């Protein structure tokens, strides 16, 4: 049905249908965020030999995040007196909007996709860059030294790690010969690209954690140094927007990794009877679990180590990956 | 009125509004933010012209990278937050006349200009076409640009290194 909608000439009805579908996706993503936060706290809890949230909503704390969100929404909304008011208000919007916009490019299954962009991958990378402006603005507008430092760190980190992230994907583009995410998934009919360019996958995964500002790369919000980084002065639902941005990006990045390296909705051989969307969800959940696992395992990097790691380790490895991918393509995929 | 026209008018208005705000705002950071909106609106106009590759690159380079570098430069250097200045009347009048003249020239120029009939199949696989053109017809300028960028990169590192050495000597 969606393929038909995408290929037929546009009209007002299409706009209305896509608006409705977009609203559905937003609800699903919000549901994901609610339970991703719970899952994160639970997994971290188990790793540190404690039960995690277990009071609100039964034994597993199923309503804990709902209660937290409710608390955030009814909290007082404070704006510092000396803050740059228009930018302070605009910043969470500018940070969140791209996080949801990038989801439009991702195909969830053969029939469930919101667009068929010929530049899907480039679109994701380009749009996600706007969030950096939002975060930098939040850091500056708060008129607080900790938030300014956090915003600066965040921007420097996101720009530095965007480069290995993009270069590590070139291997995948070489194999599939397309920037269209649907074509990239279809190119993995026989073998997923994680096996063809394992080096690219490792670089991509590390840089994506850094792009998401998660431990061990969570310097922008290092609690022990910067209180909370760029959102020190935010409270209530404005703060919730930054949290939401972070977790929606987790959703988007895990989905993108699934599409690029794990073969999207393609099944493992002999298990083709299971529908594609379930395969997608499974692979997606594995990636999200890995992200949480790493957060529970690694200590935080130092600021100078962070930059050196991006430029001196990840970038050369990503460049090597292009070369290796080209050789693999010439030798095995002709 | 087609949807394309509506989209064009909204985007064009946003681009112009961003530009006007950029000139009229007094706070430098606000100016850069206004500029971001202009860049994004221009990217939107590229999409209505079905040049989605150029649009994505516009967003990536201009609203992403260049804006952040400008913001960094502004935030890291000491500056007066508000830069409002009064211009003498003569300057205002002269520049107003210049603007009017420029408008008239552009208006009549564009009215008379005919671009021939636009190519109908430009939007099909245009990313691939751009790649093929770059690597066949324009390979030498393309490679020269990359050398230029490399030189700029090395130059920046050399300049930064020299500062460090001076500080070390002190």
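What to note about this one:
- Residues of region B:2-41 that are in contact with a helix residue (DSSP H, G or I) (Cβ under 9 Å, 6 or more places away or on another chain) and part of a loop (DSSP other than H, G, I, E, B): B:25 alone.
- Hits in region A:40-65 (condition: assigned to a helix (DSSP H, G or I) and surrounded by 14 or more Cβ atoms within 10 Å (Cβ to Cβ)): A:40, A:41, A:42, A:43, A:44, A:45, A:47, A:64, A:65
- Filtered residues of region B:43-63 (kept if at the interface with chain A (Cβ under 8 Å from one of its Cβ atoms), out of contact with any helix residue (DSSP H, G or I) (no Cβ under 7 Å at 6 or more places or on another chain) and at pLDDT below 85): B:52
- Of all the residues in region B:65-79, those that are closer than 13 Å to residue A:137 by Cα and within 8 Å of chain A (Cβ to nearest Cβ) number 5.
- Here residue A:95 passes the criteria (1) within 30 Å of residue A:128 (Cα to Cα); (2) more than 14 Å from chain B (Cβ to nearest Cβ); (3) under 28 Å from the mean Cα position of the chain (by Cα) except the one numbered (2).
- Residues that are outside any loop (DSSP other than H, G, I, E, B), within 30 Å of residue A:178 (Cβ to Cβ) and more than 14 Å from every other protein chain (Cβ to nearest Cβ), drawn from region B:100-134: B:133, B:134
- Subset of region A:118-148 [more than 7 Å from chain B (Cβ to nearest Cβ) and under 30 Å from residue A:7 (Cβ atoms)]: A:120, A:121, A:124, A:128
- Residue match in region A:70-92 (condition: within 21 Å of residue A:214 (Cα to Cα), touching a residue at least 60 places away in the same chain (Cβ under 8 Å) and touching a helix residue (DSSP H, G or I) at 6+ places or on another chain (Cβ under 8 Å)): yes
- Selection of region A:31-46 for residues being under 16 Å from the mean Cα position of the chain (by Cα) and free of Cβ contacts under 8 Å to residues at least 24 places away in the same chain yields only A:31.
- Condition check for residue A:193: crowded, with 22+ Cβ neighbours inside 10 Å, modelled with pLDDT under 85 and closer than 30 Å to residue A:70 by Cβ: no
- For region B:1-36, filtering for residues that are surrounded by fewer than 18 Cβ atoms within 10 Å (Cβ to Cβ), closer than 30 Å to residue A:11 by Cβ and away from chain A (no Cβ under 12 Å) leaves 10.
- Of the listed requirements (1) over 18 Å from residue A:28 (Cα atoms); (2) modelled with pLDDT of 80 or more; (3) surrounded by fewer than 21 Cβ atoms within 10 Å (Cβ to Cβ), residue A:269 misses just one: (2).
Per-residue answers, yes or no, for (1) touching a residue at least 24 places away in the same chain (Cβ under 8 Å); (2) over 23 Å from the mean Cα position of the chain (by Cα):
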{"position": "A:256", "(1), (2)": "yes, no"}
{"position": "A:260", "(1), (2)": "yes, no"}
{"position": "A:273", "(1), (2)": "no, yes"}
{"position": "A:282", "(1), (2)": "no, no"}
{"position": "A:303", "(1), (2)": "yes, no"}
{"position": "A:324", "(1), (2)": "yes, yes"}
{"position": "A:331", "(1), (2)": "no, yes"}
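- Hits in region A:273-297 (condition: within 16 Å of residue A:262 (Cβ to Cβ) and not in a helix (DSSP H, G or I)): A:274
- Helices (runs of 4 or more DSSP H) completely within region A:153-227 that count 1 or more residues being within 23 Å of residue A:304 (Cβ to Cβ): A:198-211, A:223-226
- When region A:70-100 is filtered for residues that are crowded, with 18+ Cβ neighbours inside 10 Å and assigned to a helix (DSSP H, G or I), the ones remaining, listed by number, are A:87, A:88, A:91, A:92, A:94, A:95, A:96, A:98, A:99, A:100.
The values are calculated or read from the model by the stated rules, or taken from the named source; none is laboratory data. Quantities reported herein were computed from a predicted structural model and do not represent experimental measurements. Every residue, glycine among them, receives a Cβ derived from its backbone with ideal geometry; neighbour counts consider all protein chains shown.
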